[in-house]
1. Where does each of 216-226, 174-184 land if you order them by average Cβ count within 10 Å, highest first?
2. Taking amide H positions as placed in the peptide plane 1.01 Å from N, state which residues far from G11 in sequence (5 or more) or on other chains have amide H under 5 Å from it.
3. List every residue whose amide H lies under 5 Å from the amide H of K19, counting only residues 5 or more places away in sequence or on a different chain, with H placed 1.01 Å from N in the peptide plane.
4. Quote the charge dipole size of the chain about the Cα centre in Debye, to the nearest 20; the model charges only the Cβ of Lys and Arg (+1) and of Asp and Glu (-1).
5. How large is log10 of I(q)/I(0) for the chain at q = 0.11 Å⁻¹ when the intensity is taken from the Debye formula with one equal scatterer per alpha-carbon?
6. With a cut-off of 18 Å, note down the residues of the stretch 219-245 whose backbone N falls inside the zone around a label point 7 Å from the Cα of R261 toward its beta carbon.
7. Using only Cα atoms, find the angle between the long axis of helix 221-243 and the longest principal axis of the chain, and express it within 0 to 90 degrees, rounded to the nearest 10.
8. If each DSSP helix of 4+ residues adds -39,500 (n - 2.57) and the sum is divided by the residues in the chain, what number results at 222 nm, nearest 500 deg cm²/dmol?
Amino acid sequence: MSISQRARIIGTGSYVPPKRLTNADLGQMLDTSDEWIYSHTGIRERRIAGDDISTSDMAVEAIQQALDMSGCCPEDVDMVIAGTSTPDYRMPSTACVIQEKLGLTNAGAFDVVSACTGFLNSLTVARSFIESGAYRITVVVGAEKLSSVTNYEDRNTCVLFGDGAGAVVMTADNDRHGVLSSFIKSDGTKRNLLWIPVGGVENPYTPDFSYDGSDKLYMNGPDLYRAAVREMYNASVRAVEDAGVRPEDISLIVPHQANIRIIQGVAKRLDVGMDRVVINIDNYGNTSSASIPIALDEANRAGRIKAGDLVLMVAFGSGLIWGATVVRW
């Protein structure tokens, strides 16, 4: 295969549920305020999926938009990869549920569990499939129903998270467009900085489980913040170098929407103005694996990305896992 054949994004899509949970709403539930939440996180509201909306439902809506933009039909899809940490079931994979709901009759399907880095890791796998010639058209989706694992009595975490999904359609391109580089790294020794302690086989529910919040997301914010800024910057530098370009060549940065201070810290270290950074955390909060593809789709539909632009996507999350990708649009 020619080295010039790359995995190109030809369609984007996103979905967020209609229900809004504002900072004012949280202020009525907890000892907090809109001023405190916004000044510390950059978030004003987040979207919450009701009991009638599953992770796969949101993924299906996002993928359908991406398919419509790409001009591809469901039967054209060879593979669907779903990045999610809030699956519909423990088994089968949520990707298989998505396959059935969308009628992707010719596609393989599997999940990638990498929390906030789930979309980028899935994109990296899709890139390998396409560049190797194994599959022609691949769908990558990041979808999360984080409200299902959020402790709404913990003001340190419940102000952060929301629900949503974002997706891309990818195919081979011989004209220099597509994924130029991908970098992924992890540090499992720090896994308890952001995790759900109870519910897996290592620490299962017991008959007398007290529902004390240990089955929900726990986060060590200060330590996580320091690691996120450092490693998102390092991953960005590595991906840019591997792509053979320079930070000043990047047209747009699409970062994981975890906290506005993290985003600003990474941009400052890269010496990139905030006008070149996509930010929608104020509207949606942290949607984990869905945050980058939602932001990418919004930027794409708003005309912020043109053919030939260099786009840097960078994420950091539970694992700890972090990574970055450079794409020529």
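1. 174-184, 216-226
2. The list, which skips near neighbours in sequence, is V169.
3. Residues meeting the amide H criterion: I48.
4. That gives a dipole near 960 debye.
5. Log-scaled intensity ratios, in q order: -0.64.
6. 219-233
7. 0 degrees
8. Theoretical 222 nm ellipticity from helices: -10000 deg cm²/dmol.
We did not get these values from a lab; they are worked out from the coordinates using the rules stated. Fair warning: this is a prediction, and the values are worked out from it, not measured in the lab. Because the Cβ atoms are built from the backbone with ideal geometry, glycine has one as well, and the counts that use them run over all protein chains shown.
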